1. Going by average Cβ density within 10 Å per residue, which order do the peptides 391-397, 282-288 take, highest to lowest?
2. Roughly how many percent of the accessible protein surface of segment 340-494 is carbon and sulfur, given a 1.4 Å probe and a whole-percent answer?
3. Using alpha carbon centroids, what distance separates segment 200-233 and segment 415-440, in Å?
4. With the cut-off at 1.5 for a/c, could you classify the chain from its C-alpha gyration tensor as rounded, prolate or oblate?
5. Return, in residue-number order, each cysteine of the chain whose C-beta is not under 4.7 Å from any other cysteine's C-beta.
6. Using θ = phi - 60° and the Karplus curve 6.51 cos²θ - 1.76 cosθ + 1.60, what whole-Hz ³J(HN,Hα) does each residue of segment 393-398 get, with Gly and Pro shown as x?
7. Please go through segment 315-387 and write out the chymotrypsin sites (Phe, Trp or Tyr not before Pro) that DSSP classes as loop and that have at most 12 other C-beta atoms within 10 Å.
8. Among 385, 256, what's the order by accessible area (1.4 angstrom probe), most exposed first?
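The values are calculated or read from the model by the stated rules, or taken from the named source; none is laboratory data. If you're wondering where the values come from, they're calculated on a predicted model, not measured in any experiment. So basically every Cβ, Gly included, is an ideal-geometry build from the backbone, and we count neighbours across all protein chains shown. With ligands, DNA and RNA removed, areas are computed over all heavy atoms of the protein, side chains included. Shrake-Rupley method; radii C 1.70, N 1.55, O 1.52, S 1.80 Å.
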Amino acid sequence: MSAFYITTPIYYVNDEPHAGHGYSTIVADTLARYHRLKGNEVFFLTGVDEHGAKIHKAAEKAGLTPQDYCDKIAPTFIKFWKRLNISHDIFMRTTSDMHKRGAQKFLNALYTSGDVYKGTYEGYYCLHCERFIPEKELTAEKICPIHKLPLEWLEEDNYFFKLSKYQDRLLAHFREHPDFVYPAARRNELLSVLESGLEDISISRSSVSWGISLPFDPEHIVYVWIEALMNYMTALGYETDSEQYRTFWPADIHMMGKDITRFHALIWPAMLMAVDLPLPKQIIAHGFLTKDGEALSKTRGIFVDLEADIAKYGLDAFRYYLLREFSFGNDGDYRPARLHARYTADLANDLGNLLNRVLGLVNKNFEGIPAPTTPGEFDDEITAMAQTTVTTVEEHIKAFAFDAALETIWEFVRRINRYVQQTQVWTLARSPETKPRMGTILYNSLEALRFISVLISPFVPDTAEKIQKQIGLAEFDTVAVWGRLPVGLTVSRGEPIFPRVDVKKQKQPQRKETAPPKQKKTKETSRLISFADFQKLDLQVARILSAEPIEGADRLLKLQVDLGTEKRQLVAGIAEHYKPEALVGKQVIVVANLEPATIRGVESHGMILAGSGDAVVLATLDTEMPLGTQVR
Ligand code: MSP
């Protein structure tokens with residue numbers, strides 16, 4: 001068992017948390033849970049950053065003292081983490097005594113190192129970033145490159161840290177530890193900052209009153225970023241050199257958004273070098289969760305209504321969607337329709353139906369889980385795939401490829417669905433000769449589902465537990481070794497773990513558990529798709545809001561359509577058959593879960609159905625229906 005320490009950024013309490021903070025913390029939570037699953041001793045930190053001018057201003061605006069304001073906002077983060085099922089071991093607050101004392105100890109050590117000196121600073125400051133914007137990044141309008149809000153001119157006496165002195169040591173560290181910063185794009189960005197030369201940084205503010213004072217000059221308040229970074233150590237008991245501190249420092253992973261890597265990968269390590277302490281092992285940066293391509297920001301009114309989506313689909317669907325759909329390290333646009341499509345296809349259909357079906361068959365035909373007495377076709381392939389799935393998932397998680405990890409698990413889920421189908425297990429109940437084989441197939445399917453539940457548990461912990469409960473396991477079994485599932489367990493009736501969600505609450509046709517009609521094997525059969533395949537299509541009623549030609553593409557039109565829950569842009573090859581103005585207001589049928597594509601430089605998020613022969617005629621419903629209605 002080894003110690004594993006992972007942190008999220010500590011979030012500013014100037015406002016309540018939003019989905020972007022949620023994303024950072026869900027990713028870290030997944031890794032924390034994964035390491036616990038591996039049997040490691042995990043310490044998972046999240047928390048809040050409570051000092052500095054930004055918080056002070058927010059408090060003033062709310063008519064509260066800064067401390068009262070922090071005491072009001074901090075619990076909203078705690079509540080949020082509970083809502084997102086975050087398994088942190090500590091919720092760190094920088095207004096805690098433990099932090100204040102630890103930070104002062106660190107500041108004294110920094111001062112004693114001889115790398116701190118007094119000087120004057122002047123420059124443009126972004127209150128939202130809580131940092132001076134370097135000359136190189138300044139625009140003529142003097143606007144923050146991230147927040148797009150006006151900068152403030154500041155001039156004051158400060159203490160400085162000799163960051164420039166550590167340039168060569170930092171460069172050497174980057175070169176000797178290629179994994180220090182991930183992904184490569186961020187590493188390269190930082191390397192080029194390093195190569196272009198580091199300037200000393202100011203570490204105190206004389207104009208700020210809300211914060212921790214410098215132990216060697218109490219007139220000055222430590223710059224909030226410098227103090228915030230120290231929380232990763234003070235939280236462990238750095239001040240008293242506690243057992244916990246000695247077990248977990250240095251951190252294995254500092255997880256964060258791509259906006260704050262410089263603080264973590266350049267300034268923080270240099271500070272640690274100055275006081276002669278070990279550096280964190282990895283700085284891992286994810287992309288931004290965006291809405292319509294823009295970073296979420298309450299200040300700018302760009303947000304994701306995650307409460308509504310969690311209420312509709314459940315928390316695990318939300319977690320699954322973020323981890324499955326976004327490629328880690330890149331920005332990802334939040335789209336409720338994609339969440340719906342993932343829910344329906346991956347969760348309700350592939351996984352939920354499989355569990356339900358297998359449990360239903362066990363219940364109907366056996367007293368408890370049957371023994372695997374009769375090996376047969378496909379069994380070896382299934383058991384081998386179970387093991388390779390475990391290994392591949394592990395590799396993907398180590399590479400922070402959460403989407404690939406989930407896709408690997410789902411390949412296995414789909415394989416088991418096919419296994420059930422190929423063996424036509426439901427037909428084997430008819431005779432006493434075939435029943436033992438039926439029992440074996442059902443045992444294998446349940447054991448596969450147990451494996452799946454173990455593998456998905458870091459991502460969607462509640463679902464993993466529900467699956468094992470329905471299988472009849474009293475305690476969550478985390479061991480991915482084939483054959484551990486006890487025979488004879490009483491399985492539950494199998495409530496759907498992902499009940500069907502219809503945007504407009506329509507009834508869906510129920511599938512019956514019957515053998516498919518016997519078919520002659522002709523060429524025709526290879527053209528057939530299963531009902532499950534058909535159900536993967538997310539067809540929805542939409543209305544065309546606008547249509548316009550695309551320059552240089554005679555056959556294409558750019559359309560904006562309304563799906564009821566969201567608006568989309570898509571490209572349709574109908575320009576030769578429809579005039580743009582004749583399309584506006586028409587109801588059409590859209591394939592809503594088609595992978596986005598860029599067609600002639602225009603993004604297309606879906607496809608419109610049309611009859612296409614010599615003429616092209618848009619498919620539509622007999623009478624109008626509410627937008628977003630599923631078409632089946
Ligand atoms: N207080 C500092 C961090 C100090 S850590 C020693 C801070 N706080 S913050 O509230 O602004 O949160 C920043 C972090 O929140 C980002 O680095 C990122 O992890 C997360 N996110 C904020 N908006 C986000 C998105 N839109 N998308 C994804 N993550 C986002 O900076």
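1. 282-288, 391-397
2. C and S atoms contribute 52 percent here.
3. What the calculation gives is 68 Å, centre to centre.
4. Oblate shape, in that a/c is at least 1.5 and b/c is the bigger or equal ratio.
5. Taking the Cβ cut-off of 4.7 Å, the unpaired cysteines of the chain are 70.
6. Using θ = phi - 60°, the values come out as 4, 4, 4, 5, 5, 4 Hz.
7. Filter output for segment 315-387: empty list.
8. Heavy-atom accessible area, descending, gives 385, 256.
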